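What follows is calculated from the coordinates using simple rules that are stated; it is not laboratory data. Only a predicted model underlies this, so the values are computations on that prediction, with no experimental measurement involved. Using ideal geometry, Cβ is built from the backbone for each residue, glycine included, and neighbour counts are taken over all protein chains shown.
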Amino acid sequence: MRDRSRDNEKTDPQRTHDPNRGDRPVTRRRALELGAGVLAGAALVPDLLHSRPRSGLATQTDVILKRIPRSGEEIPAVGLGTWQTFDVGSDRRQRTALGEVLRSFHRLGGRIVDSSPMYGSSQEVMGHLAVETGLIDDLWVATKVWINGQAEGIRQMEDSMALLQRPSHIELMQVHNLRDVQLHLDTLEAWKAEGRFDYIGVTTSSERQYGAVAALLEAEPERIDFLQINYSLGERTSAERVLPLAQERGIAVMVNRPFAGGRLFGAVRDRPLPGWASSFDCEAWSQFFLKYILSHPAVACAIPATSDPEHLAENMGGGRGALPDEETRRRMEDVVG
Ligand SMILES: NC(=O)c1ccc[n+]([C@@H]2O[C@H](COP(=O)([O-])OP(=O)(O)OC[C@H]3O[C@@H](n4cnc5c(N)ncnc54)[C@H](OP(=O)(O)O)[C@@H]3O)[C@@H](O)[C@H]2O)c1
């Protein structure tokens, strides 16, 4: 597989801390504090997550859950991206490996998967594997619309939902890179009202679009439930204006490029993890990177991509246990520079 560390998926051109709103990680202990003690035990995560019955109960008990401000729904903080990693076409060997990635993801408490019609065969591969593994109804599915024109957008969304094997309902539909955003938002609102999806989002991973994203969040925050944007120890600009704005407007933030496309691993190559990382249950660089993101009060989840089952297992550890405090976050920034 080619080195993707320099790539950025952007072929065309996102209150103060309140423990009772969406900015505090809901760990198992916190869930118990919140009165969910009756749920303590093996089925804690799915029971907290979903009001409708789901299959395949997870057995993870310290998965960090974050609350979506608009609805109060709680979601696991680490999801799964599919750009490039799931674009494997009909290659059986790679599909088998990705089936294992998806099974492990779910077994370790993951639910949120993110795709796009821009990602080649990724939607079809994800849909096929979700059915094959029996997980289709237990995933929280996000995809995007990425085309100009209303009729074209409708056709593309129908196609995407069919490919994802969720023809009548997915959780989140996003306008990819703000493409034809005003026009698509009208359609998305109508589809949301019909129950085709639960949430509406917009995405970017380009600093050039931050101004347009901020203008949209300022002007029409009620139309948008989710902002997907790049943020990591290697790409911090969104934390200056856009993340606080999203938090203030009650818009959940889904973080893309959590490893800066993989570049962060190169930045710390051959360096040992600082000893103090164990103070927030961190045992690997991938967890260091993810916990930095998840400890930002605006962030609801991060969606790292991987095609490697071992990387997947390591990444899921970034969504469990304690998170760093503000002082520790500054220290983490100094480590990467
Ligand atoms: N505008 C948008 O809407 C937009 C833009 C960008 C991204 N996204 C979404 O966000 C997702 C994540 O972003 P991304 O895929 O660009 O980048 P990323 O998640 O920051 O990085 C992915 C890279 O990190 C590597 N990696 C993952 N876990 C690792 C580990 N534990 N150790 C070492 N290497 C590891 C992966 O390789 P291996 O496969 O070898 O693990 C892959 O090369 C995308 O897949 C997509 O769903 C959306």
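Per-structure values
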{"item": "Long-range amide H partners of ILE64 with built H, under 5 Å", "result": "ALA77, ARG320, GLY321"}
{"item": "Nearest-20 debye value, the stretch 127-185 charge dipole, Cβ charges on Lys, Arg, Asp, Glu", "result": "200"}
{"item": "Value of relative contact order over the stretch 168-221, rounded to a whole percent, pairs C-alpha under 8 Å and six or more apart", "result": "42"}
{"item": "Percent RCO, i.e. relative contact order, over the stretch 67-336, from Cα pairs under 8 Å lying at least 6 residues apart", "result": "21"}
{"item": "In Hz, Karplus ³J(HN,Hα) per residue of the stretch 134-140 (6.51, -1.76, 1.60; θ = phi - 60°; x = Gly, Pro)", "result": "x, 9, 3, 7, 10, 9, 10"}
{"item": "By average C-beta atoms within 10 angstrom, highest first, the peptides 160-168, 182-190, 267-275, 317-325", "result": "317-325, 160-168, 182-190, 267-275"}
{"item": "Projected label distance in nm at THR96 and GLU194, using a 7 Å step from Cα toward the beta-carbon", "result": "4.1"}
{"item": "Over 33 Å [Cα-Cα, the stretch 67-336], rounded percent", "result": "17"}
{"item": "For TRP140, distant residues with modelled amide H under 5 Å away", "result": "ILE112, VAL113"}
{"item": "Extension gain from ASP325 to ARG208, taking 0.36 nm per residue of separation minus the Cα-Cα distance", "result": "39.1 nm"}
{"item": "Backbone HN-Hα couplings from phi across the stretch 72-79 [Karplus 6.51/-1.76/1.60, Hz, Gly and Pro as x]", "result": "x, 4, 10, 10, x, 6, 10, x"}
{"item": "The stretch 173-181 - phi-based ³J(HN,Hα) in whole Hz, Karplus 6.51/-1.76/1.60, Gly and Pro as x", "result": "10, 10, 8, 6, 6, 6, 5, 6, 5"}
{"item": "For the stretch 127-202 versus the stretch 231-247, the gap between their alpha-carbon centres in whole angstrom", "result": "25"}
{"item": "Protection-proxy order for peptides 106-112, 215-221, 304-310, each taking the mean of Cβ atoms within 10 Å per residue, highest first", "result": "106-112, 304-310, 215-221"}
